[in-house]
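Each remark here refers to the structure printed beneath this line.
Nothing in this text is a laboratory measurement; each read-out follows from the coordinates by a stated rule. From a predicted model like this one, the values you see are computed outputs, not experimental measurements. We place every Cβ from the backbone using ideal geometry, glycine too, and count neighbours over all the protein chains shown.
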Amino acid sequence: MPLQPKRPSYPEAQGLRHLAFSVDDVESVVAYLVEHHIEVEAIRIDELTGKKFTFFSDPDGLPLELYQS
């Protein structure tokens, strides 16, 4: 089987390559994840909406996004 090229894993990579979860409070979800030893990127603010968002990785290293609703 041929090897597939590694996909870019940084959050701004182009194309459909991650799941995003809408949450009421990004900070509380981040606190929960950190409490369970999951690394989470710094919370950022979406320039277009002013809403908070961040990323963390699944066990395979693929990015998952948390976006404040």
Exercise. Taking K and R as +1 and D and E as -1, what net charge do the other residues with C-beta under 13 Å from the C-beta of LEU64 add up to?
Worked result: -4
For this session: Please list, in chain and number order, the residues 5+ apart from LYS51 or on another chain whose amide H is under 5 Å from its amide H, with Hs placed from the backbone.
Result: ASP46
